[in-house]
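Working notes for the structure below.
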Amino acid sequence: MKILVNEEAHEVSTRTLAGLLDELGYGDARVATAVDGDFVPASRRGGHMLAEGARIEILAPMQGG
Amino acid sequence: MLFYGTELSSRLMLGTAQYPSPEILADAVRAAQAGVVTVSLRRESAGLRAGQAFWSMIRDLGVPVLPNTAGCHTVKDAVTTAHMAREVFETDWIKLEVIGESDTLQPDMFALIEAARILTEDGFKVFPYMTEDLVGAERLLQAGCEVLMPWGAPIGSGKGLNNLFGLRALRAHFPDVPLVVDAGIGLPSHAAQAMELGYDAVLINTAVARAGDPAAMAAAFRLAVEAGRIARQADPMEERDMAVPSTPVLGRAVLA
């Protein structure tokens, strides 16, 4: 399945958001996720099914003003 | 002064962006004795994990964090970013930025008020980055904000307090609302001036991060904020147009 992660194209085998984080190697990293512009809390990643072409954002703490 | 029921250890809030290195950032936070540090969210790559290292450094500093929604231009972007920040940083505090104009990074007050209302209903404690607009301020309070953060000047400009009249009017209109000058402060004297006006805190980033010696500048800001605060409490004199001799005239010798 082809999806976009942080605007980069990926070909993945998993169907869920939780599976995607595992497959891409995020492991236990502290990140927040959004799919197609909507926030998906960590507690719902396991049940969140990804569609072909889904746009996923994976964000982490960063310097800010 | 309480910010959403929390007493901060200092009235200097410090941004964490643009420092020459993580070590210099840590030195600056310590020298500032910052009461809060602001943080943000950016895309994370699984390989680099830059965000994880940054977060562990911030946690070790032991200063409360205030995540922002920097870079958001719409209500939807800001609300979604706030939700992501709440989960990552485990705080319901959010410095809400909704930018309306890209040259000045001026807040879009209309979108800001709408986003503040939505986020307050979702349980957030909103610190709105705003212009010094009195009516907008009233609407933000009605939307549920218990803190207001007017700009001094455009972000990163270092111009200081551009509209003294407006900032003074805001202080006078809302004597009991915590007010923070956010953005535009370039020198410790600007920070002292904000505190002398009766502001409760200032938020500084570029002025410290871009100084030749950020830790020394952070210390200068700490002292300026303290000086301005003490001056405010000491009840400053009234300004006058004409000179008034400070040395008594009575008893002066007549020598001609």
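The values are calculated or read from the model by the stated rules, or taken from the named source; none is laboratory data. For clarity, every value in this text was computed on a predicted model and none was experimentally measured. As a convention, Cβ positions derive from the backbone with ideal geometry for all residues, glycine included, and neighbour counts pool all protein chains shown.
Listed values, structure above:
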read-out: Lone qualifier among B:Pro248, B:Pro175, B:Pro214, B:Pro236 - being touching a residue at least 40 places away in the same chain (Cβ under 8 Å) and loosely packed, with under 14 Cβ neighbours inside 10 Å; value: B:Pro236
read-out: Residue satisfying condition, being surrounded by fewer than 22 Cβ atoms within 10 Å (Cβ to Cβ), within 22 Å of B:Val37 (Cα to Cα) and either at pLDDT below 95 or aromatic (Phe, Trp, Tyr) (or both), within set B:Gly156, B:Gly160, B:Gly123, B:Gly186; value: B:Gly156
read-out: Selection within the range B:2-35 - under 13 Å from the mean Cα position of the chain (by Cα), surrounded by fewer than 23 Cβ atoms within 10 Å (Cβ to Cβ) and among the polar types (S, T, N, Q); value: B:Ser10
read-out: Number of positions in the range B:43-92 that are among the hydroxyl-bearing types (Ser, Thr, Tyr) and without any contact (Cβ under 8 Å) to a residue 24 or more places away in the chain; value: 3
read-out: Lone qualifier among B:Ser9, B:Ser40 - being touching a residue at least 24 places away in the same chain (Cβ under 8 Å) and in a loop (DSSP other than H, G, I, E, B); value: B:Ser9
read-out: Within the range B:43-54, considering residues that are part of a loop (DSSP other than H, G, I, E, B) and surrounded by fewer than 20 Cβ atoms within 10 Å (Cβ to Cβ), the one nearest to the other protein chains (Cβ to nearest Cβ); value: B:Ala46
read-out: Any hit, the range B:183-190, residues being in contact with a Leu (Cβ under 6 Å, 6 or more places away or on another chain), within 14 Å of chain A (Cβ to nearest Cβ) and within 18 Å of B:Leu12 (Cα to Cα); value: no
read-out: Where B:Tyr129 falls short, out of the listed (1) under 16 Å from the mean Cα position of the chain (by Cα); (2) more than 14 Å from chain A (Cβ to nearest Cβ); value: (2)
read-out: Any hit, the range B:19-30, residues being in contact (Cβ under 8 Å) with a residue 12 or more places away in the chain, over 21 Å from B:Leu223 (Cβ atoms), within 10 Å of another protein chain (Cβ to nearest Cβ) and part of a helix (DSSP H, G or I); value: yes
read-out: Of residues in the range A:1-18 being more than 13 Å from chain B (Cβ to nearest Cβ) and free of Cβ contacts under 8 Å to residues at least 12 places away in the same chain, the one surrounded by the most Cβ atoms within 10 Å (Cβ to Cβ); value: A:Ala9
read-out: Tally, over the range A:21-39, of residues that are farther than 21 Å from B:Trp55 by Cα and hydrophobic (A, V, I, L, M, F, W, C); value: 1
read-out: Positions within the range A:25-58 being among the aromatic types (Phe, Trp, Tyr) and either touching a Cys at 6+ places or on another chain (Cβ under 7 Å) or assigned to a loop (DSSP other than H, G, I, E, B) (or both), in sequence order; value: A:Tyr26
read-out: Lone unmet requirement of (1) more than 8 Å from chain B (Cβ to nearest Cβ); (2) touching a strand residue (DSSP E or B) at 6+ places or on another chain (Cβ under 7 Å); (3) surrounded by 14 or more Cβ atoms within 10 Å (Cβ to Cβ) for A:Val31; value: (1)
read-out: Condition check for A:Leu50: over 17 Å from B:Asp77 (Cβ atoms), surrounded by 14 or more Cβ atoms within 10 Å (Cβ to Cβ) and more than 7 Å from every other protein chain (Cβ to nearest Cβ); value: yes
